[in-house]
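**Student:** Dumping the structure here so I can ask a few things about it.
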Amino acid sequence: MHQTNASPQNIVILTGAGISKESGLDTFRDADGIWSKVRLEDVATPEGFQRNPALVQDFYNDRRAQLDHADITPNPAHQALAHLEREWPGEVLIVTQNIDDLHERAGNRNLLHMHGELLKARCDSCSNLFQWAVELTVETPCPSCSQPGGMRPHVVWFGEMPLEMDRIYRMLEECSLFMSIGTSGNVYPAAGFVSHVRQMTTAHTVELNLEPSTGSTLFAQTIYGQASEVVPAYVEKILSEGLPG
Ligand code: BJW
């Protein structure tokens, strides 16, 4: 492990659907991605949910059930990030856009789900939040206030505010390394994090993705390949050599 006498260096890691692709979960914007099968306006907006709640509940019920399949497991990229969190002397924070639980299953504990979690549901009537592993329907009563019709997946749709933004921006402003893994850089505010880090800090910025993202030129370093290969290699490099620069 690389040792230093200076104060611990913090790492913020933004992850997107690409990190879970090799675990068997679809991305959104690749040719065979989720948005090639369903319209995002129908399933990922509050207006779509108002128009047809049953369609939206079914979409998330299917994805929740898929997470339970025995063959959906963390891949070497998730495992490498858990190893990094355990071994790195400073803070390692994962900010994931993903609603799956593969980072938790790999062992990461310092983790924010900025677009919500598939295994949680909340009640629009009383605002309570629940762990949720089973089907949700338009008739499901809230376990707390008993109202039917108010339960929805705990996910962030277009036009809704992503979660934990204050803590995320604070950590971005205090990091020495910002890594972006498996995200196409199309969705804000996540797509703007690299610019924020560059404006506010001297941190090193690196993109690890299958191909250049929309904002690839904003990164100081870019590494392209399958997440299961490039992420473990990068983690081993910084654990043995320290941060670049
Ligand atoms: C691999 C790989 C392998 C493949 N290895 N890599 C105009 C300008 C700027 C902003 C806006 C605008 N108009 C509207 C906005 C805001 C809007 C937005 O960004 N829209 C854009 C489309 C322009 N954003 C919002 O509305 C957000 N909220 C917000 O801004 O609040 C502020 C506000 C609110 C109200 C009033 C005023 C202000 C909310 C965004 C919510 C996004 N929700 C979703 C669905 C969540 C639940 C679910 O999962 O169903 O989140 S959409 C979807 O996209 C999902 C993802 O988290 C998100 C990002 O996708 P991601 O992860 O990048 O996936 P892909 O598929 O795009 O990319 C995968 C990448 O992996 C690819 O590059 C592959 O190459 C790569 N890859 N295999 C490595 N093996």
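Readers should treat all values here as calculations from the given coordinates under stated rules, not as data from a laboratory. Not measured: the values here are computed from a predicted model. When we count neighbours, we look across all protein chains shown, and the Cβ atoms used for this are built from the backbone with ideal geometry, even at glycine.
**Student:** Taking amide H positions as placed in the peptide plane 1.01 Å from N, state which residues far from Gly242 in sequence (5 or more) or on other chains have amide H under 5 Å from it.
**Tutor:** His2
**Student:** Taking Cα atoms of the chain, Rg/Rh with Kirkwood Rh, to two decimals? Walk me through the numbers on the way to the answer.
**Tutor:** Numbers: Rg = 18.5 Å, Rh = 18.8 Å.
Checking Rg against Rh, the ratio lands at 0.98.
**Student:** Quick check on region 174-245: take the gyration tensor over C-alpha atoms, sort the square-rooted eigenvalues as a ≥ b ≥ c, and tell me if it's rounded (a/c under 1.5), prolate or oblate.
**Tutor:** oblate
**Student:** Within 15 Å, Cβ to Cβ, of Pro212, how many net charges do the neighbouring residues add up to if Lys/Arg are +1 and Asp/Glu are -1?
**Tutor:** Within the 15 Å Cβ shell, the charges total -2.
**Student:** Distance from the Cα centre of region 7-64 to that of region 124-178, in angstrom?
**Tutor:** Region 7-64 and region 124-178 have Cα centres spaced 14 Å from each other.
**Student:** So for region 88-212, what percent of the C-alpha to C-alpha distances run longer than 25 Å?
**Tutor:** Within region 88-212, distances greater than 25 Å cover 35 percent of Cα pairs.
**Student:** Quick one: net charge of Leu102's neighbours, Cβ under 12 Å, K/R +1, D/E -1?
**Tutor:** On the way: positive: Lys21, Arg105; negative: Glu22, Asp100, Asp101, Glu104, Glu117.
Once positives and negatives cancel, what remains is -3.
**Student:** In whole angstrom, note down how far apart the Cα centers of region 227-245 and region 189-223 are.
**Tutor:** 16 Å
**Student:** Can you compute the helix-only [θ] at 222 nm over the chain? Use -39500 (n - 2.57) per DSSP H run of at least 4 residues, normalise by all residues, nearest 500 deg cm²/dmol.
**Tutor:** Values: 9 runs with 78 residues, N = 245.
Rounded to the nearest 500, the figure is -9000 deg cm²/dmol.
**Student:** Which three semi-axes in whole Å describe the equivalent ellipsoid of region 153-213, each the square root of 5 times a Cα gyration tensor eigenvalue, listed largest first?
**Tutor:** 20, 17, 9
**Student:** Might you report the magnitude of the Cβ-based charge dipole of region 1-125 about its Cα centre, with Lys and Arg at +1 and Asp and Glu at -1, to the nearest 20 debye?
**Tutor:** The dipole of region 1-125 has a size of about 160 debye.
**Student:** Place +1 on the Cβ of every Lys and Arg and -1 on the Cβ of every Asp and Glu in the chain, take the dipole about the Cα centre, and give the residue among Leu172, Asn110, Pro76 whose Cα lies farthest towards its positive end.
**Tutor:** Leu172
**Student:** Return, ordered by residue number, the residues of region 92-130 whose backbone nitrogen is under 13 Å from a label point located 7 Å along Cα→Cβ of Val38.
**Tutor:** 118
**Student:** If you build the Cα gyration tensor of region 83-146 and take the root of 5 times each eigenvalue, what three semi-axes come out, in whole angstrom, biggest first?
**Tutor:** Rounded to whole Å, the semi-axes are 31, 11, 9.
**Student:** Here is a further query. Sorted by average packing, counted as other Cβ atoms within 10 angstrom per residue and highest first, what order do 65-78, 16-29, 154-167 take?
**Tutor:** Per-residue mean Cβ counts within 10 Å order the peptides as 16-29, 65-78, 154-167.
**Student:** Next question, about the same structure. How big, on average over all directions, is the shadow cast by the Cα convex hull of region 12-149, in nm²?
**Tutor:** Result: a mean projected hull area of 9.1 nm².
**Student:** Taking θ as phi - 60°, what are the ³J(HN,Hα) couplings along region 174-189 by the Karplus curve (6.51, -1.76, 1.60), each to the nearest whole Hz, with x for Gly and Pro?
**Tutor:** Running phi through 6.51 cos²θ - 1.76 cosθ + 1.60 with θ = phi - 60° gives 10, 9, 9, 9, 10, 10, 10, 10, x, 10, 7, x, 9, 10, 8, x Hz.
**Student:** Let me ask something else. 5 Å is the cut-off here: which amide hydrogens, built 1.01 Å from N in the peptide plane, fall below it relative to Trp132, excluding neighbours closer than 5 in sequence?
**Tutor:** The answer is Lys120, Ala121.
**Student:** Explain nothing, just compute: Karplus ³J(HN,Hα) = 6.51 cos²θ - 1.76 cosθ + 1.60, θ = phi - 60°, for every residue of region 19-28 in order, whole Hz, x for Gly and Pro.
**Tutor:** Using θ = phi - 60°, the values come out as 6, 9, 4, 6, 8, x, 9, 6, 7, 9 Hz.
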